[in-house]
Amino acid sequence: MKIPKTNAMRILTQAGIAFEPKTYDVDENDLSGTKVATQVGLPFAQVYKTLVAKGDQTGYLVCLIPVDQEIDLKKLALASGDKRVELIPTKDLLAVTGYIRGGCTAIGMKKKFPTYIESAALSQPLIAISAGVRGCQLLLDPRVLAPFIQAKPVEVCFDHSEQSHSGFRS
């Protein structure tokens, strides 16, 4: 598969940041990050999805979390200084970021938004993020990526060990 040169790749190249593109076949019926991780041959803990939310105080914000995790919006609100945070509707993603679902990346959005990254990323040697298009991921050092995109390390994923015995989150 020919590797497309994306805006995110150009921005990283201009900044002198090393990355390795990894292509995969897009399944329009399954755009899940876990499927992408399987296709690029990486553990879920090393493949990160980019979520866009809107806080009641800060406005739009971006968060990178592992593809097999679920964001805890209460924790994100606390980290961002908001009382409440909600994920934006998928239909608004392109207008807000310039990217579509399955191809959204924190690099090169239309505007610079406050950005957060799950702190576990910083313990990984490499993570994969979207290249800004469906069908291509970028492998790069998270300790280089985080300061470049001005991402604040946070812990905003649900901690499934905190679930009660009935299986519901407390």
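The values are calculated or read from the model by the stated rules, or taken from the named source; none is laboratory data. Source: prediction; values computed, not measured. Quick reminder, even Gly has a Cβ in these numbers, built from the backbone with ideal geometry, and neighbours come from all protein chains shown. Side chains included, ligands, DNA and RNA excluded: accessible areas come from the protein's heavy atoms. Shrake-Rupley method; radii C 1.70, N 1.55, O 1.52, S 1.80 Å.
Mind counting the residues in region 48-63 that are in contact with a helix residue (DSSP H, G or I) (Cβ under 7 Å, 6 or more places away or on another chain) and either on the phi > 0 side of the Ramachandran plot or open to solvent by less than 30 Å² (accessible area, probe 1.4 Å) (or both)? So the count comes out to 6. The residues listed here are Ala77, Ala53; of these, the one that is among the aliphatic types (A, V, I, L, M), more than 16 Å from Ser130 (Cα to Cα) and outside any helix (DSSP H, G or I) is Ala53. If you filter region 35-50 down to residues that are β-branched (Val, Ile, Thr), assigned to a helix (DSSP H, G or I) and under 22 Å from Ala151 (Cβ atoms), you find that the one that is nearest to the chain's Cα centre (by Cα) is Val36. If the condition is being open to solvent by 70 Å² or more (accessible area, probe 1.4 Å) and without any contact (Cβ under 8 Å) to a residue 24 or more places away in the chain, then region 11-42 contributes Thr13, Gln14, Glu28, Asn29, Thr38, Gln39.
Quick one: in region 80-119, of everything that is assigned to a helix (DSSP H, G or I) and either open to solvent by 50 Å² or more (accessible area, probe 1.4 Å) or not hydrophobic (A, V, I, L, M, F, W, C) (or both), which residue is nearest to Ser32 (Cα to Cα)?
The first filter runs over region 80-119 and keeps only residues assigned to a helix (DSSP H, G or I), leaving 80, 90-97, 119.
Among the residues that remain, those that are also either open to solvent by 50 Å² or more (accessible area, probe 1.4 Å) or not hydrophobic (A, V, I, L, M, F, W, C) (or both) are: 80, 90-92, 94-95, 97, 119.
Details: Ser80: 26, Thr90: 14, Lys91: 17, Asp92: 19, Leu94: 18, Ala95: 21, Thr97: 19, Ser119: 22 Å.
Filtering first and then ranking leaves Thr90.
Applying a threshold of 6 Å to beta carbon distances and a minimum spacing of six or more residues, or different chains, the list of pairs starting in region 133-144 at a residue that is in contact (Cβ under 8 Å) with a residue 24 or more places away in the chain and ending at one that is acidic (Asp, Glu) reads Leu139/Glu20. Being exposed (fewer than 14 other Cβ atoms within 10 Å of the Cβ) and at pLDDT 95 or above: is that true of Pro66 here? The answer is no for Pro66.
For region 145-162, give me the residue count where each residue is open to solvent by less than 10 Å² (accessible area, probe 1.4 Å), without any contact (Cβ under 8 Å) to a residue 40 or more places away in the chain and either within 21 Å of Ile100 (Cβ to Cβ) or assigned to a loop (DSSP other than H, G, I, E, B) (or both). So the count comes out to 0. Looking at Ala8, Ala45, just one residue is surrounded by 19 or more Cβ atoms within 10 Å (Cβ to Cβ) and touching a residue at least 40 places away in the same chain (Cβ under 8 Å), and that residue is Ala8.
Restricting region 120-144 to residues that are part of a strand (DSSP E or B) and among the aliphatic types (A, V, I, L, M) leaves a set whose member that is most open to solvent (accessible area, probe 1.4 Å) is Leu139.
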